[in-house]
Amino acid sequence: MLTAVVGVSLGPMRTFASDHLDGIDRVLDLFKRSLPRLTKNETSFRTAVQLSLEQRALALAGQLKEPSFRRGYRIQILAHAMEPFKTQLPQDIYLQLHKALSVVYGIESYIVLKDIWGETSKQVETTVLWMAKALVEAAQIEAFARINSQPGKVKRTQSLKGKT
């Protein structure tokens with residue numbers, strides 16, 4: 001039943017489509033559209049995390065007697081938003097960015113920022129957007145530095161944001 005509830009709660013996020021061509025704009029568009037939905041369905045997503053943690057503990061103790069509740073929609077959701085970066089970033093940097101954004105994109109940020117920091121939902125959204133933007137910019141800077149440090153390569157003089 002929880003799988004169905006989470007699936008419905010994720011709804012539009014799982015079918016995200018953006019008109020933005022630029023990677024950072026697409027990623028921020030996804031986050032801006034998703035964060036209010038995470039806030040609205042916070043209880044369902046927290047329940048999914050709780051179940052996932054309980055089942056992991058049972059599995060580690062060799063006591064899990066049922067199929068595990070699987071999470072992981074965010075990998076595919078983020079992959080679509082990150083499509084422009086596939087050709088702009090070296091594969092290893094792209095993968096690191098994908099993993100880093102998957103830590104920020106989800107209910108876990110709400111848990112830390114609300115429960116530990118005491119932030120409101122609006123403050124969580126502001127902080128999460130800041131983190132997502134910072135991660136994308138860090139990946140772009142790293143890729144830019146790598147490209148410019150290779151001997152014999154033509155040096156780029158502008159940022160990777162849609163320019164060469």
* **Selection count, the range 126-164, where residues are at pLDDT below 95, charged (D, E, K, R), surrounded by 13 or more Cβ atoms within 10 Å (Cβ to Cβ) and in contact with a helix residue (DSSP H, G or I) (Cβ under 7 Å, 6 or more places away or on another chain)** => 2
* Is it fair to say Val27 is of a type in the set (Val, Ile, Thr) and modelled with pLDDT of 90 or more? -> yes
* Consider Tyr110 against the criteria (1) of a type outside the set (A, V, I, L, M); (2) under 12 Å from the mean Cα position of the chain (by Cα); (3) modelled with pLDDT of 85 or more: it satisfies all of them except one. Which criterion is unmet? -> (2)
* Quick one: what pairs do we get from the range 11-22, first residue part of a loop (DSSP other than H, G, I, E, B), second modelled with pLDDT of 70 or more and small (Gly, Ala, Ser), C-beta under 7 Å, 6+ apart or different chains? -> Phe16/Ala81; Ser18/Ala81
* Identify all residues within the range 51-61 that are modelled with pLDDT of 85 or more and surrounded by 12 or more Cβ atoms within 10 Å (Cβ to Cβ); write none if there are none. => Glu54, Leu58
* To do: Just give me the residues in the range 65-90 being at pLDDT below 80 and either in contact with a strand residue (DSSP E or B) (Cβ under 6 Å, 6 or more places away or on another chain) or among the hydrophobic types (A, V, I, L, M, F, W, C) (or both), in sequence order.
  => Phe69
* Are there any pairs, at least 6 apart or on different chains, whose C-beta atoms fall under 7 Å, with the first in the range 39-54 and more than 16 Å from Tyr105 (Cβ to Cβ) and the second aliphatic (A, V, I, L, M) and modelled with pLDDT under 85, and if so, which? -> Ser44/Val5; Ser44/Val6; Thr47/Leu2; Leu51/Leu2
* If the Cβ limit is 6 Å and pairs must be 6+ apart or interchain, which residue in the range 97-125 that is crowded, with 19+ Cβ neighbours inside 10 Å pairs with which residue that is among the polar types (S, T, N, Q)? -> Leu113/Thr127
* Find the helices (runs of 4 or more DSSP H) located wholly in the range 23-129 whose residues include 3 or more that are in contact with a Leu (Cβ under 7 Å, 6 or more places away or on another chain) and more than 26 Å from Glu142 (Cβ to Cβ), and list them. => 42-60
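The values are calculated or read from the model by the stated rules, or taken from the named source; none is laboratory data. No experiment lies behind these values; they were computed from the predicted model shown. Glycine also receives a Cβ, built like all others from the backbone with ideal geometry; neighbour counts cover every protein chain displayed.
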